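Everything on this sheet refers to the single structure shown next.
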Amino acid sequence: MEIKTDISLQAKQVLSQVQMQSLNILSMSMTELEEFLQNEEIENPLVEYSSGRQEGELPVAYREYDRFYNGASREGDSRGEIYEADDTEQSVENMIMMQLPWKTFTEEQHRIVKFCIHSLDQNGYLTVPPSEIAEALKAEVSEVEYIVSRLKELEPVGIFASSLEECLVLQVLGMEQEAALCTIIRNHLQDVADGKVSTISRRLKLSSVEVRKLIHVIRNLNPRPLNGYGGDRAQYVFPDIILSYQDGQWSVSLNDKWAGNISINEFYVHMMETAQDEELKNYFEEKLKRARFIMNAVEQRRRTLEGITEGILKRQAGYFLGKEPLKPMTLEEIAAEREIHKSTVSRAIRDKYILTPAGCLLIRDLFTTGISGGGKAGEDVSRNTVKSRLKALVDQEDKKHPCSDEQLAKLLEAEGMAISRRTVAKYRMELGIGGAFSRREE
């Protein structure tokens, strides 16, 4: 075997330690930055910092529910209106019980069902073994196993599974290539996560094209059946950015008045300038350099956040006022407009909240890709607009014969919003809308 060596030139950008520290400051939320500056003051004698936060200042409520626009109000008003997903505490127990034939259940079976419901984790998995449930309730293991098997037939599909693998298997039952899908889920989930198509292809003796199609199906499954259900309490946060609208004018302000209270301690600067000890002088010079860097980084953070917010406002002003749907918007678009890198935008909006006339929103939630052809003149529409239309279709359906997810997908496709049945199920659950069975009225 012949070994050869080649020399090649490559242009590679490597971030310096100073650049990394600056990006870390950019990615900090308001409260993280406040804590960082407090620690910096403790460690650096040349930094003077005093928090400007008012004693009575309170956080605002934020809840992870969708606020979305419907293009025409129910009275036919062309201005449209804003709907909010119900933020009352939805009972998972009620949602499940509506699907069960209680008249055929015994009192003991009732007890087992309620125990199982209260044992669900936040994803919708039942990880307590039937033997433990039977022991806790002084019931027969076979009876518990029967009830659990019945519960696994309910919607959302995958609920009461004992693990991720079983949850996914329950969702592929009845599909084409069910056997191959189940084999991949049971034996090759890690290979799917690692993108090892060739490994799966060899083991199952399938072509790489077939394996890729199967992986695509698996990746569109819902690993958290209870996502969108349950009674999560409202979160309280300090918004990082405040958008206000008055007399037809928008104003953007960063909620960081305290950040302006960083300064250099002049006493130690004078000590540095008059110091005779070279080691002491060098120490103060390093601390002064660090203090100036922190001040510049905080100011750069302000300018970057303000610029990104202006870019968002340009696209979503109508949404913030409740007059338009959320428009498709990507990190790349904002980055190109501000002439910065996409990763800088991503860092800047990390875990940050914006207070708008529409409420307190997680900035990351404002970025959504579009679904082709669903808007006017064939323009893209955001997933929130699709959710709005999905909710309207459910509201208008015949309650005695509610639409299945497959039927809802076809109705949306007819309006130019081509999404899969699985995506319909996902959006439906995020809106807190039950399955067809639970929506049926006699």
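Side notes on the structure shown:
- Taking a ≥ b ≥ c as the square roots of the eigenvalues of the alpha carbon gyration tensor, segment 267-314 is prolate, as a/c is not under 1.5 and a/b beats b/c.
- Counting protein heavy atoms only, segment 256-359 has 49 percent of its accessible area on carbon and sulfur, 1.4 angstrom probe.
- Carbon plus sulfur fraction of accessible area for segment 123-245, probe 1.4 Å, in percent: 47 percent
- Ordering of 273-279, 130-136 by burial proxy (mean other Cβ atoms within 10 Å per residue, highest first): 130-136, 273-279
- Inter-label distance for Lys205 and Asn24, nm, one decimal - labels placed 7 Å from Cα along Cα-to-Cβ: 5.5 nm
- Peptides 426-436, 201-211 ordered by packing proxy, namely the average of other Cβ atoms within 10 Å per residue, highest first: 426-436, 201-211.
- Efficiency of FRET between Glu43 and Ser198 - r from beta-carbon atoms, R0 51 angstrom, step 0.05: 0.50
- Dipole moment magnitude, nearest 20 debye, segment 283-359 about Cα centre, only Lys, Arg, Asp, Glu C-beta charged: 200 debye
The values are calculated or read from the model by the stated rules, or taken from the named source; none is laboratory data. Remember, predicted model here, so these are calculated numbers, not experimental data. We place every Cβ from the backbone using ideal geometry, glycine too, and count neighbours over all the protein chains shown. To get the accessible areas, we keep the full protein, side chains included, count just its heavy atoms, and leave off ligands, DNA and RNA. Shrake-Rupley method; radii C 1.70, N 1.55, O 1.52, S 1.80 Å.
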